[in-house]
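These notes concern the structure reproduced below.
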Amino acid sequence: MKHSEFWAAMEDTFGRYAGSLAQDLVLAPLNGRTANEALADGENPDRVWAAICVVNELPESVRWHHRTADHKTKRR
């Protein structure tokens, strides 16, 4: 997952709250870091997205949304 795909998935899933969630939500799977902290530390965006999906109990369809053809077509 690229950083741009991470942010697109965040915006598609959480809308206007994506930035706040990335800044404020402490993620246990990432050793208590927020998404922004983990990304700044060099964590793979795919691992950060997976942690967000786990913590928020998102379904598999959301977890892999950024890989679907419909999503990529929609963003063009």
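Yes/no per residue for (1) of a type in the set (Phe, Trp, Tyr); (2) over 16 Å from HIS66 (Cβ atoms); (3) touching a residue at least 24 places away in the same chain (Cβ under 8 Å):
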| site | (1), (2), (3) |
| --- | --- |
| HIS3 | no, no, yes |
| ALA8 | no, no, yes |
| GLY19 | no, yes, no |
| LEU25 | no, yes, yes |
| ALA28 | no, yes, yes |
| THR34 | no, yes, no |
| ALA40 | no, yes, no |
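Which of the residues belonging to the range 1-46 are within 9 Å of the chain's Cα centre (by Cα) and either among the β-branched types (Val, Ile, Thr) or at positive phi (or both)?
Scanning the range 1-46 gives a single hit, THR13.
I want to confirm something. Restricting to the range 47-68 and keeping residues that are within 10 Å of the chain's Cα centre (by Cα) and modelled with pLDDT of 95 or more, which single residue is surrounded by the fewest Cβ atoms within 10 Å (Cβ to Cβ)?
ARG47
So, in the range 13-67, of the ones that are in a helix (DSSP H, G or I) and of a type in the set (Ser, Thr, Tyr), which residue ends up farthest from HIS3 (Cα to Cα)?
It comes out as SER61.
Find all pairs meeting these conditions: Cβ atoms under 8 angstrom apart; at least six residues apart or on different chains; first residue within the range 47-76 and under 17 Å from ALA18 (Cα atoms); second residue surrounded by 10 or more Cβ atoms within 10 Å (Cβ to Cβ) and at pLDDT below 85.
TRP49/HIS66; HIS65/HIS71
The values are calculated or read from the model by the stated rules, or taken from the named source; none is laboratory data. Everything numeric here is computed off the predicted structure, so don't read it as measured data. Note that each Cβ is placed from the backbone with ideal geometry, even for glycine, and that neighbours are counted across all protein chains shown.
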